[in-house]
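Remarks on the structure that follows.
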Amino acid sequence: MTLRLNPAIADWRSRRVWVIGASSGIGAALASELLDAGAEVILSARRAAPMQALAAGRRGARVHTLDVTQAEAWRQVWSELEHDDARPDLVVFCAAGYRPQHCLDLHATETRHLLDTNLLGVYLGLEVVLPALTQHGGGVALIASVAGYTGLPGAVVYGPSKAALINLAEILYAELKPRGVAVYLINPGFVDTALTAKNDFSMPALLTPRQAARDIMRGLARGAFEIDFPWRFTLWLKLLQHLPYRLRLPMLARLARS
Ligand SMILES: NC(=O)c1ccc[n+]([C@@H]2O[C@H](COP(=O)([O-])OP(=O)(O)OC[C@H]3O[C@@H](n4cnc5c(N)ncnc54)[C@H](OP(=O)(O)O)[C@@H]3O)[C@@H](O)[C@H]2O)c1
């Protein structure tokens, strides 16, 4: 028996989705797929030009620039959406920053900025969107990462920010499900974007942003809570995550040395 944890979203017509982090990579590909499927899409990120290029001539697309680290910016965009009667039914938190980084390579300003983007930005957004979602119904989707499953060396700030999002999604699910708000947790493996272009190692099971966007759409159509892909890669990380420390930590230490 399959227990469906969330509403399955297969028909996107008459849905309005706010994709935050839509100027490149997975967010841009997802916005494009959603538009193709008939959804209205609000595209947000800091850079207007790539979002305007994606939205040009596409029915149902609108662009609102946003810096997720700025509480006032969230309030401003939200009031514009309310003014235009364009409140979203689904809010996808996709914005993030990353740098491959070890624990002896920490810099306070950069650390604060990454955590502000990857984690605080989600809290600032939730504060703005949840009152309306709990009143009218809808959903939120957090894009975390398989890097949040366990402490992978080389992701000393990024990994914990994504682990926090996984934890946050579980809390949100428990608290919001009874209030009629769906919570989706999206954990991609490696996807070929500007973010991973900074990696100097070979990335197993690397997907294109379009493949990732389609996997996300398939997960939403299943009504899954966790949408992780590709399974041929996430399976191994899930196994690693569940190993006892006495087995897992030596493996992680070996990974750090390699
Ligand atoms: N690529 C992967 O292998 C992979 C794997 C697992 C999870 N993920 C996650 O997938 C999501 C998308 O990443 P991606 O790989 O597609 O990277 P990407 O191409 O670099 O996209 C990152 C997006 O975040 C936006 N962003 C960054 N800082 C922002 C800010 N302060 N305010 C608003 N928007 C901001 C960027 O737009 P602007 O610069 O225009 O603001 C851009 O649209 C991220 O959450 C990432 O952690 C990626």
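Would you mind calculating the relative contact order of the chain from Cα pairs under 8 angstrom and at least 6 residues apart, reporting the percent as a whole number? Please report the intermediate quantities before stating the final value.
Numbers: 455 pairs, mean separation 54.0, N = 258.
Result for the chain is 21 percent.
Can you pull the one-decimal nm distance between simple spin-label points at residue 174 and residue 134, each 7 Å off the Cα toward Cβ?
The two pseudo-label positions are separated by 1.6 nm.
With each pseudo-label sitting 7 Å past Cα toward Cβ, what's the residue 86-residue 251 distance in nm, one decimal?
4.7
Taking H as built 1.01 Å from N, whose amide H comes closer than 5 Å to the amide H of residue 61, not counting residues under 5 places away?
Under 5 Å from the amide H of residue 61: 41.
Where does helix 121-136 land angle-wise versus the long Cα axis of the chain, in degrees 0 to 90, nearest 10?
40
Label point 7 Å out from residue 56 along Cα-to-Cβ: which residues of the range 20-37 have amide N under 12 Å?
none
Working from Cα positions, state the angle (0 to 90°, nearest 10) between the long axis of helix 231-242 and the longest principal axis of the chain.
The helix 231-242 is inclined about 60 degrees to the chain.
So what is the relative contact order of the range 131-258, in percent, for Cα pairs below 8 Å that sit 6 or more residues apart? Mind dumping the intermediate values first?
Working: 157 pairs, mean separation 34.2, N = 128.
Computed over the range 131-258, the figure is 27 percent.
Normalized C-alpha radius of gyration of the chain, against 2.2 N^0.38 Å? Intermediate results must be reported in sequence, preceding the final value.
Numbers: Rg = 17.9 Å, N = 258, 2.2 N^0.38 = 18.1 Å.
In units of the 2.2 N^0.38 Å rule of thumb, it is 0.99.
Take the Cα gyration tensor of the range 179-251, multiply each eigenvalue by 5, square-root it, and list the three semi-axes largest first, rounded to whole angstrom.
Working: eigenvalues 113, 79, 21 Å².
Here the semi-axes work out to 24, 20, 10 Å.
All of the numbers you see were taken from the coordinates with simple rules; none came from a lab. Keep in mind that this is a model prediction, so the values were computed, not measured. Cβ sites come from the backbone with ideal geometry, for glycine too, and all protein chains shown count toward neighbours.
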